[in-house]
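The structure appears right after this line, and notes come after that.
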Amino acid sequence: MSGLAVRAAASVRSPRGRAPEGVPAALDYFRDLLTPFGEKPDEELLSRGPHVHHRDLVDLLVADEGVGRSRPELAIVAHALPDVVPFTAVAPHLTEQLGGRAVNFAIGQQGLAAPFTALRIASAYHRSGRAAEVVIAVLEQTTLPTPYPLPQETPLTDSAAALVLGASTGEGLGFVRAHAAGSAAAALGPELGEDGTLLVLGPWVTQDVPDHGAVHRVAPGSYCTSLWLELADHWQEWQRDFRRVVLCDTDPRSGRSHVALFAATGG
C-alpha cells in the first residue's frame, strides 16, 4: 500500500476570541488540580486571555473547503497546551464535522512532539489498511490558569493547522518518517545531504544545525503549531519546488529535537 500524502491543509492564526465563560467553575477545577503542587490559579491571567477554545479552532479549520469535505477513517487532535475549558472532548467534535465515522482521539502532554507522534500513528493506521484517509488537527490556545514555563520573551498566539492525508497517487507531498534525538544536529543528520531538500526550522531551534542550502525559518509565536502552519500554507509550492521537505523543531522544555520528512511523489 502506498504511503500517506498531503491532500489538503488549512491554517488559522489569531482568531477572534469569546467572552470568558464558566471562569468560576474552571477556577474551582484548577484550584483542585494545582493545590497539591503548592500552586494556585491566576484569576486575572485566566480572565484576560483571548478565550479561543479548541472547539473554536476546529470549527475554523473545518470551514476550509479542503478540510471540510474530508471523510476520514482516523481523526487525531494534537496539542501541547491544554484547552481553556476542562473536560472537553474535541476529537469527537472534529469527527462529527467530517462525516462521523472516524476513529478519533487526542494526543497531549508531549509538548511539541505531539504532531510528530500523530503522523507516526496515522502512517501505521494507513499501512495496516485501517485508514485510507486521516485528518490531523494541531491546536494551540493561550488562555491558561498559570504562566506556562516557556521563555516569556516569546508571547504565544492562538493558532491551529489541519492536514488531510490520503494515499499518495500522482504528484503530491508524501510523509516518509518522523523521529527525535537529543539535539537538532543529531535529529537532522540522517535527513540532509540530498539535493533538492528544503529544511524548515521551527522557532525553538537555537542550536547549530548542519550546513544546508535551502532553509526556511519559521517566525516565533507558537509552541507546537509553527511548523504545521507553514506546511499548511506552503505544501503545494514546496512539493513543486523541492524533492524533499524536512521539518525540525526543538522542544524548549525537554531539549529534544523532532524531525519529520516529507518527499514529493511522482506524477
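For residue 26, state whether it is farther than 29 Å from residue 134 by Cβ, open to solvent by less than 20 Å² (accessible area, probe 1.4 Å) and among the small types (Gly, Ala, Ser). Against the criterion (farther than 29 Å from residue 134 by Cβ, open to solvent by less than 20 Å² (accessible area, probe 1.4 Å) and among the small types (Gly, Ala, Ser)), residue 26 qualifies.
Residue-wise test of (1) within 18 Å of residue 258 (Cα to Cα); (2) under 15 Å from the mean Cα position of the chain (by Cα).
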| position | (1), (2) |
| --- | --- |
| 150 | yes, no |
| 159 | no, yes |
| 165 | no, yes |
| 190 | yes, no |
| 201 | yes, yes |
| 206 | yes, no |
| 229 | yes, yes |
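Considering the conditions (1) of a type in the set (D, E, K, R); (2) open to solvent by 10 Å² or more (accessible area, probe 1.4 Å); (3) touching a residue at least 60 places away in the same chain (Cβ under 8 Å), residue 140 is excluded by exactly one of them, (2).
Candidates are the residues of segment 211-226 that are in contact with a strand residue (DSSP E or B) (Cβ under 6 Å, 6 or more places away or on another chain) and within 18 Å of residue 243 (Cα to Cα); the one that is least open to solvent (accessible area, probe 1.4 Å) is 214. Contact annotation: residue pairs with Cβ atoms under 9 Å, 6 or more positions apart or on different chains, pairing a residue in segment 210-225 that is in contact (Cβ under 8 Å) with a residue 60 or more places away in the chain and farther than 19 Å from residue 57 by Cβ with a partner that is surrounded by 15 or more Cβ atoms within 10 Å (Cβ to Cβ) and not aromatic (Phe, Trp, Tyr), are 220/156; 220/203; 220/226. Scanning segment 36-65 for residues that are at pLDDT 95 or above, open to solvent by 80 Å² or more (accessible area, probe 1.4 Å) and of a type in the set (D, E, K, R) turns up 55, 65.
The values are calculated or read from the model by the stated rules, or taken from the named source; none is laboratory data. Remember, it's a predicted structure, so these values are computed and weren't measured experimentally. Methodologically, a virtual Cβ is constructed for each residue, glycine included, from the backbone with ideal geometry; neighbour enumeration extends over all protein chains shown. Quick note on the areas: whole protein, heavy atoms, side chains included, nothing else; ligands and nucleic acids left out. Shrake-Rupley method; radii C 1.70, N 1.55, O 1.52, S 1.80 Å.
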